[in-house]
Amino acid sequence: MEFDLQKLVRENIQKLTPYSSARHEFTGKASVFLDANENSYGSPLEEKFNRYPDPLQWQLKFQLARIKGVPAENIFIGNGSDEVIDLAYRIFCNPDKDNVIVCPPTYGMYEVSANINDVAIKKVSLTPDFQLDVEGILNAVDANTKLLFICSPNNPTGNNMAREDVEILLNNFPGIILIDEAYINFSKQKTFIQELTEYPNLVVMQTLSKAWGLAALRLGLCYASMDIIGLFNKVKPPYNVNGASQQLGLEALQNTTLVNDWITATVAQRQLLIQQISTLSFVEKIYPSDANFFLMKVKDAGKLYSYLSDNEIVVRNRSKDPGCENCLRITIGTPEENNQLINLLNNYGQ
């Protein structure tokens with residue numbers, strides 16, 4: 001199947017003249033900046049934040065390129081992954097005409113962003129073991145289907161999608177496939193980033209919010225072909241990632257050893273926590289997880305959620321999601337936090 005990116009892009013986006021900031025237009029060397037109506041005296045902070053940040057975040061991208069083995073030109077950085085999701089709708093989906101496919105239970109912002117952008121959603125539920133219904137997805141495609149969202153490891157179920165299923169879809173789905181790898185650092189499955197040159201319709205999303213511990217900075221990552229990255233840069237706001245987030249993100253990326261230690265500890269705690277909780281009488285099932293959380297089915301999720309909340313532990317009740325009736329999603333905490341959870345669970349119902 002020959003892939004034609006331009007046929008997928010909205011006509012108004014193809015014709016769009018993007019906003020050009022002062023920092024975009026000037027490429028030389030300068031010591032005096034009188035172009036952007038900034039406060040030339042500085043800011044009331046110790047750090048100098050009176051100048052607009054790099055609109056394309058090149059230093060952050062260069063460091064990511066070294067870590068991920070992907071050219072910086074194939075990276076887009078968003079104000080959280082939610083911006084990446086929203087921009088995909090704006091670029092490819094005509095409101096009140098086009099549609100996208102999501103596979104519940106999955107990350108809720110795919111549907112919320114579709115509703116915001118007035119784009120129809122087609123839901124093809126995961127199988128009972130939370131895998132992709134490949135045949136169902138391909139049967140749901142019509143002439144106006146533009147995007148397919150795949151979350152792997154999946155939120156809220158924690159499992160990876162079978163790689164061969166994803167590859168079948170990459171070879172047969174006529175639109176853009178966005179693979180959300182927010183939790184890939186905790187997984188045994190390798191990333192799809194290295195497949196970008198093989199699949200021109202592939203967009204891989206990652207984040208610095210999870211394993212890297214930078215949730216407050218809102219740094220969502222997107223890897224794709226240069227053509228697709230060019231479209232994201234064309235549509236995004238001029239300074240979508242603030243200077244503080246760029247600076248702190250760059251500092252954090254220097255310390256991969258610490259992050260790898262956290263990942264190892266989290267995976268070990270995940271296994272220990274699952275082992276201890278699985279023996280409890282009210283726990284009916286704990287689903288396999290390759291993330292920094294797990295999903296467990298209990299006899300009465302609402303009652304257990306309230307009990308934990310009353311004891312100052314907050315988990316996520318996912319009982320309203322398809323296939324997740326009476327299920328709680330529990331994030332892996334520190335050993336101390338996990339012990340506190342175990343002690344409460346051991347006392348539950350007594």
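What distance in nm separates the two pseudo spin-label positions at GLN14 and GLU325, each 7 Å out from Cα along the beta-carbon direction?
With each label placed 7 Å out from Cα toward Cβ, I get 4.8 nm.
Please state the relative contact order of the range 139-251 as a whole percent: Cα pairs under 8 Å, 6+ residues apart?
With pairs under 8 Å counted, the relative contact order is 19 percent.
Could you give the angle, 0 to 90 degrees to the nearest 10, between helix 81-92's Cα long axis and the longest principal axis of the Cα atoms of the chain?
With rounding to tens, the tilt is 60 degrees.
At 0.36 nm per residue, minus the direct Cα-Cα distance, what do LYS285 and GLN6 gain on full extension? Give it in nm, one decimal, please.
That pair, LYS285 and GLN6, stretches by 95.8 nm at full extension.
For TYR307, TYR41, which order do you get if you count the other beta carbons within 10 Å of each Cβ and list the fewest first?
Listed from fewest to most nearby Cβ atoms, that is TYR41, TYR307.
Would you please name the trypsin sites (Lys or Arg not before Pro) within the range 1-70 that are DSSP coil residues with at most 15 other C-beta atoms within 10 Å of their C-beta?
Those satisfying the criteria are LYS29, LYS48, ARG51.
Can you pull out the GluC sites (Glu not before Pro) in the range 264-350 whose DSSP state is coil and whose Cβ has at most 10 other Cβ atoms within 10 Å?
Within the range 264-350, the qualifying GluC sites (Glu not before Pro) (loop, at most 10 other Cβ atoms within 10 Å) are GLU312.
Arrange PHE293, PHE26, PHE49 by Cβ neighbour counts within 10 Å, fewest through most, would you?
Sorted ascending by nearby Cβ count, the order is PHE26, PHE49, PHE293.
Roughly what angle does helix 301-310 make with the longest principal axis of the chain, taking Cα atoms, 0 to 90 degrees, to the nearest 10?
Between helix and principal axis, roughly 80 degrees.
Could you tell me the distance between the Cα centroids of the range 34-71 and the range 110-158, to the nearest Å?
36 Å
Normalising by the residue count of the range 156-214, find the relative contact order in percent from Cα pairs under 8 Å and 6+ residues apart.
About 38 percent, as a whole number.
What is the packing order of peptides 224-230, 260-266, taking the mean over residues of other C-beta atoms within 10 Å and listing the highest first?
224-230, 260-266
Along the charge dipole of the range 257-347, Cβ charges K/R +1 and D/E -1, which of PRO288, GLN271, LEU308 sits furthest on the positive end?
Toward the positive end, the furthest listed residue is PRO288.
Taking N as the number of residues in the range 1-139, what is its Cα Rg relative to 2.2 N^0.38 Å?
Against the empirical 2.2 N^0.38 Å value, I get 1.43 for the range 1-139.
Would you mind checking LYS123/LYS210; LYS7/LYS320; LYS15/LYS190; LYS146/LYS299; LYS123/LYS297; LYS15/LYS146 for any pair whose Cα atoms are more than 29 angstrom apart?
Cα-Cα > 29 Å for LYS7/LYS320; LYS15/LYS190; LYS146/LYS299; rest within.
Suppose we keep just the DSSP beta bridges with both residues in the chain; what percent of those would be antiparallel, to 5?
Percentage antiparallel, nearest 5: 55.
Give the cysteines in the chain for which no other Cys Cβ lies under 4.7 Å away, or write none if there are none.
Unpaired cysteines in the chain: CYS93, CYS103, CYS151, CYS222.
If I fit a long axis through the Cα atoms of helix 243-252 and take the longest principal axis of the Cα atoms of the chain, what angle between them do I get, 0 to 90°, rounded to 10?
60 degrees
Given the options GLY158, GLY136, GLY28, which has the most mean-square fluctuation in a GNM of the chain, springs set between C-alpha atoms less than 10 angstrom apart?
In this elastic network of the chain, the residue with the biggest mean-square fluctuation among GLY158, GLY136, GLY28 is GLY28.
Could you give the size of the charge dipole of the chain about its Cα centre, using +1 on the Cβ of each K and R and -1 on the Cβ of each D and E, expressed in debye and rounded to the nearest 20?
260 debye
Let me check against my output: what whole-number percent is the relative contact order of the range 125-199, with C-alpha pairs under 8 Å and at least 6 apart?
Once divided by the residue count of the range 125-199, the mean separation gives 32 percent.
What ratio of Cα Rg to 2.2 N^0.38 Å holds for the range 5-254?
1.06
Grab the other residues whose beta carbon is less than 13 angstrom from that of GLN271, score K and R as +1, D and E as -1, and report the net.
+1
Pull out the extension gain between SER40 and TRP58, defined as 0.36 nm times the separation in residues minus the alpha carbon to alpha carbon distance; nm, one decimal.
Extending this stretch completely gives an extra 4.1 nm.
Counting C-alpha atoms alone, how compact is the range 257-347: give Rg to one decimal and Dmax as a whole number, in angstrom.
Expressed in Å, the Cα Rg and Dmax of the range 257-347 come to 13.0, 41.
No lab work stands behind these numbers, since they all come straight from the coordinates. For clarity, every value in this text was computed on a predicted model and none was experimentally measured. No Cβ is skipped: glycine too gets one built from the backbone with ideal geometry, and neighbour counts run over all protein chains shown.
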